[in-house]
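Report on one structure; see the data block that follows.
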Amino acid sequence: MIMAEAKKKQLFGTNGVRGVVGELMTPELVMKIAMAVGSMRPGTLAVGRDTRTSGPALIAAAKAGLMAVGCNVVDCGILPTPGLQYIVKEHFDAGIVITASHNPGEYNGVKVIESDGTEMDDDNSIAIEDHVFSGTFSAKGWEAVGNERSAPDLVQEYVEGVVSKVPAGIGEGMTVVIDAGCGAAYRTTAAILSQLKCRVLTINAQPDGRFPARNPEPSEEGLAPMADLVCSVGAAFGIAHDGDADRAVFIDNKGRFVEENKEFALIADAVCTGKSGIIVTPVSSSRLIEQIGSRNTCTVDYTAVGSIYVARRMRALLDEGKPVVFGGEGNGGLIYPDHQFCRDGGMTAAMMVHLLSMKKQALSTLVDDLPPSVMLKHKFHTDKAKLLLDAVNKKFASDMINAVDGIRIDRPDAWALIRPSGTEPLVRLYIESATEVVAKKFETEIFDCINPILS
Ligand code: MG
């Protein structure tokens, strides 16, 4: 099992470095990170960004840092994070994406991409931080500084890569609505679905880093205008992305938001049909994944929470010769090992079309036919995380326990996860069962255990 790192990261979070522009996130910091990346990963690096207003300034700093330490830079312009990951995997020694993903417009950030297209792991992220804090960079002289070229059309390779993974023309007769949220998806998702022969309607498809239409986080409330459009035009579904389009969420043909664990289960059904193998997902994911997996003779392997843990576990299992068929998180971030080892919102768009063309049923019907699931979620602001976990571990010792990240208790009719946040004094509790009665009963048992500590 993959455990959280021993030495704590200070700048890097779960997916790169993020911060408010002008506060933590400055051109100076980005340049230092880029100099560190270029020192550790010399060669030719690709860079790209989402649509944020601070993107041009910060990507200029990234390029300056890389060239200063002797790297050559290929600027791919605005594109989704998985687009740059695909391009790096195909052509380059490493990459940097300037994005704050789903965070509001005042944020920006840096994701570092390895030559295989995966996000940099914890140990290497800590090594980058060590370089940044100590200032140990190998800045080059005039004869060895790097150069720059622009390649905004490389993103077409990503679009074609996604389209090649599903049967040609499967979107024929299907109307879809895309809400790019003024983020990076405007460059790719409409192109992908058009090439699959869908009839494509778009909203918020203009790049605008002020995000005037909705927050980059694609929440149910923010997608109400798209839901109305889906219903009024009789679309098969609506799809929306976060700011850098590694995640995708859906509105069904009745205008209802599809909860992301249900999305994961449905897409898992499409990916796993006819395959036996392993689905990798964090301990926080719904049991729906196991239930849909078992219909397709697939089992579930649980990791710590975070897409890089999922992606790296998938790689590790494959290296051991195990048949990994799918991976993902219950937040619309899904990973297709036949395509690349990162969350990919464009691939998820294509796979939804594939699912509907295979099943020949409405998305609303497929959602309603999923096994019943009631999930209860709580968060507690407390600095007593260790005491809470120890108490739960002791009380539920006779249950099946998975301690890869927090404590997950699995019973035949329910499961629960109690897990401290990695970044703030907060503990989260999830409980899921097929019925509210069972979920509530389990909740009471856990409350009886933890309330004396919290009070
Ligand atoms: Mg994202």
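Is it the case, given these coordinates, that Phe380 is surrounded by fewer than 19 Cβ atoms within 10 Å (Cβ to Cβ) and not in a helix (DSSP H, G or I)? Before you say what the answer is, go through the steps one by one.
Working: surrounded by fewer than 19 Cβ atoms within 10 Å (Cβ to Cβ): yes; not in a helix (DSSP H, G or I): yes.
So Phe380 fits the description; yes.
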Is it fair to say Val97 is open to solvent by less than 10 Å² (accessible area, probe 1.4 Å), away from the ligand (no atom under 15 Å from the Cβ) and closer than 26 Å to His339 by Cβ? no
With surrounded by fewer than 16 Cβ atoms within 10 Å (Cβ to Cβ), in contact (Cβ under 8 Å) with a residue 60 or more places away in the chain and either in a helix (DSSP H, G or I) or β-branched (Val, Ile, Thr) (or both) as the only criterion, which of Met347, Met358, Met351 stands out? Met358
Restricting to the range 89-128, count the residues that are over 18 Å from Ala184 (Cα atoms) and in contact with a Leu (Cβ under 7 Å, 6 or more places away or on another chain). 3
Any idea which residue in the range 263-276 is farthest from the ligand (Cβ to nearest atom), counting only those that are of a type outside the set (A, V, I, L, M) and either closer than 24 Å to Leu376 by Cα or open to solvent by less than 10 Å² (accessible area, probe 1.4 Å) (or both)? Cys272
Scanning the range 210-230 for residues that are more than 16 Å from the ligand (Cβ to nearest atom) and outside any helix (DSSP H, G or I), the one least open to solvent (accessible area, probe 1.4 Å) turns out to be Ala213
Would you please list the contacts, defined by Cβ atoms under 7 Å and residues six or more apart or on different chains, that run from a residue in the range 301-320 that is at pLDDT 95 or above to a residue that is assigned to a helix (DSSP H, G or I)? Asp301/Arg313; Asp301/Leu317; Thr303/Tyr309; Thr303/Val310; Thr303/Arg313
May I ask you to verify whether Pro82 is open to solvent by 10 Å² or more (accessible area, probe 1.4 Å), assigned to a helix (DSSP H, G or I), touching a strand residue (DSSP E or B) at 6+ places or on another chain (Cβ under 9 Å) and not basic (Lys, Arg)? no
In the range 231-262, which residue that is touching a helix residue (DSSP H, G or I) at 6+ places or on another chain (Cβ under 9 Å) and assigned to a helix (DSSP H, G or I) is farthest from the ligand (Cβ to nearest atom)? Lys262
Residue ID - farthest from the ligand (Cβ to nearest atom), chosen from residues in the range 307-335 that are out of contact with any strand residue (DSSP E or B) (no Cβ under 7 Å at 6 or more places or on another chain) and under 23 Å from Pro218 (Cβ atoms): Gly330
Selection status of Arg187, open to solvent by 40 Å² or more (accessible area, probe 1.4 Å) and within 16 Å of Val47 (Cβ to Cβ): yes
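The values are calculated or read from the model by the stated rules, or taken from the named source; none is laboratory data. The shown structure was predicted, so the numbers you read here are calculated from the model rather than taken from an experiment. Neighbour counts are summed over all protein chains in view; Cβ atoms, including those assigned to glycine, are modelled from backbone coordinates with ideal geometry. Areas reflect the complete protein model, heavy atoms only, side chains present, ligands, DNA and RNA absent. Shrake-Rupley method; radii C 1.70, N 1.55, O 1.52, S 1.80 Å.
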